[in-house]
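What follows draws every value from the coordinates through simple rules; no lab data is involved. Quick caveat: nothing in here was measured; it's all calculated off a predicted structure. Cβ atoms come from the backbone with ideal geometry, glycine included; neighbour counts cover every protein chain shown.
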Amino acid sequence: MDLRSDTLTQPTPAMRAAMAAAPVGDDGYGEDPTVNELEARFAALAGKEAALFVPSGVMGNQIAIRVLTQPGDVVLVGRHQHVVGFEMGAAARNAGVQFATVDDQMGEWALDEVREALAAEYDHQPPVAAVFVENTHMFAGGHPVEVSAVVALANEIGDRPLHLDGARLFNAAIATGASVAQLSARATTVTVCLSKGLCAPVGSLLAGPGPMMERARVERKRLGGAMRQAGVLAAAGLVALDTMVERLAEDHARARRLAECFAVAFPDSNYDPARCRTNVVSFDHPRAREVVAQLSTWGVLGQTVAPRRLRYVTHAGVDDADVEYVADVLTRFSLS
Ligand SMILES: Cc1ncc(COP(=O)(O)O)c(C=O)c1O
């Protein structure tokens with residue numbers, strides 16, 4: 001059973017049917033009706049003026065950096081966010097920005113560190129041009145950030161733009177009970193991925209103010225991400241939004257059950273299963289790579305996201321019987 005990532009999900013039969021039947025046009029001319037519908041739908045969901053369909057979550061983040069900053073600017077960000085550690089240095093390569101990082105070990109930010117980072121510009125350091133947050137916070141075990149925490153952060157950063165990397169924002173919405181619009185309200189720009197728990201084969205969306213999304217369209221072109229008859233992909237995204245959001249709660253319940261089993265199997269890790277509120281089970285273990293390798297010999301695939309941090313992710317391809325199999329394996333598991 002493959003618990004490495006929710007990106008392993010397969011498109012549903014309804015998605016495949018919608019893809020085959022989708023009306024399409026050349027999106028380079030803004031003439032793909034299905035892409036236009038998906039963009040309008042997400043803009044409305046996020047409470048923003050406009051949205052842009054992009055090939056990946058990384059591209060959504062990279063475009064956001066390019067529209068919100070100039071080369072040489074500082075982006076304030078949590079140390080363990082995807083944009084820092086998992087995008088192959090793209091922000092430096094593509095946009096020439098540098099990061100100032102604050103601690104986000106548990107998925108939330110210490111506001112005193114934020115204040116300190118912002119104050120640094122008075123001491124001849126480059127200005128913080130934008131602030132990036134992530135919700136859910138993948139590295140912190142899929143931690144869902146509450147609206148109140150986003151508001152507290154937004155209040156600290158004044159009129160600097162805030163970008164929300166919401167690759168799993170629908171998971172955050174399900175876990176917190178807040179809507180995507182509420183979670184995005186204080187963000188200038190927001191991305192979501194359709195290709196993770198929502199099971200679409202390809203695609204993410206970036207939303208924000210209308211004129212900024214026009215500039216984002218230019219940046220997407222510069223990065224080679226402009227597509228043509230992309231309605232074939234957008235059609236799957238529409239089905240994802242229509243049919244796959246509510247079921248994320250099932251992934252969350254299964255992850256919690258797994259978290260409880262992992263906590264019992266690895267008591268020295270002091271992993272609190274209550275921290276697992278979405279679809280990610282992740283905690284530190286001194287021999288994380290060996291744990292992952294040995295569990296894989298039982299057919300249970302996971303991965304490490306840092307030398308000592310292991311991760312198991314539930315998704316639509318994992319059912320209750322799979323979870324009970326892992327639970328059973330964990331009762332018998334011991335490191336050789
Ligand atoms: C928090 C976060 N942001 C962005 C991305 C990038 O998404 P993609 O793989 O579609 O580029 C991921 C991917 O796992 C992610 O976890």
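At-a-glance table
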{"read-out": "Theoretical gain in end-to-end length, A20 to S179 [0.36 nm per residue, Cα-Cα removed]", "value": "54.2 nm"}
{"read-out": "Under DSSP loop assignment and at most 15 Cβ neighbours within 10 Å, longest chymotrypsin sites (Phe, Trp or Tyr not before Pro)-free interval of the chain", "value": "87-297"}
{"read-out": "Stretch in the chain that is longest and holds no trypsin sites (Lys or Arg not before Pro) that DSSP places in a loop and that have at most 16 other beta carbons within 10 Å", "value": "80-227"}
{"read-out": "Label point distance in nm, D320-L335, each placed 7 Å from Cα along Cα→Cβ", "value": "3.4"}
{"read-out": "Global form of the range 250-325, assessed from the alpha-carbon gyration tensor, a/c cut-off 1.5", "value": "oblate"}
{"read-out": "Taking D123, D112, D73, D104 and counting other C-beta atoms within 10 Å, the order from fewest to most", "value": "D123, D112, D73, D104"}
{"read-out": "Kirkwood hydrodynamic radius of the chain, Cα pairs, Å", "value": "20.4"}
{"read-out": "Taking S56, S179 and counting other C-beta atoms within 10 Å, the order from fewest to most", "value": "S179, S56"}
{"read-out": "In nm, spacing of pseudo-spin labels at D284 and A40 (7 Å Cα→C-beta vector)", "value": "5.0"}
{"read-out": "Residue order, fewest to most beta carbons within 10 Å, for D268, D103, D32", "value": "D268, D103, D32"}
{"read-out": "Gyration tensor (Cα) of the range 1-109, equivalent ellipsoid semi-axes in angstrom", "value": "31, 21, 13"}
{"read-out": "Part-to-part distance (alpha-carbon centres) for the range 232-296 and the range 60-96, which is given in Å", "value": "27"}
{"read-out": "Fully extended contour minus Cα-Cα distance, from R222 to E246, at 0.36 nm per residue", "value": "5.1 nm"}
{"read-out": "In nm, spacing of pseudo-spin labels at M106 and Q10 (7 Å Cα→C-beta vector)", "value": "4.1"}
{"read-out": "Semi-axes of the equivalent ellipsoid for the range 116-241, Cα gyration tensor, largest first, Å", "value": "27, 20, 12"}
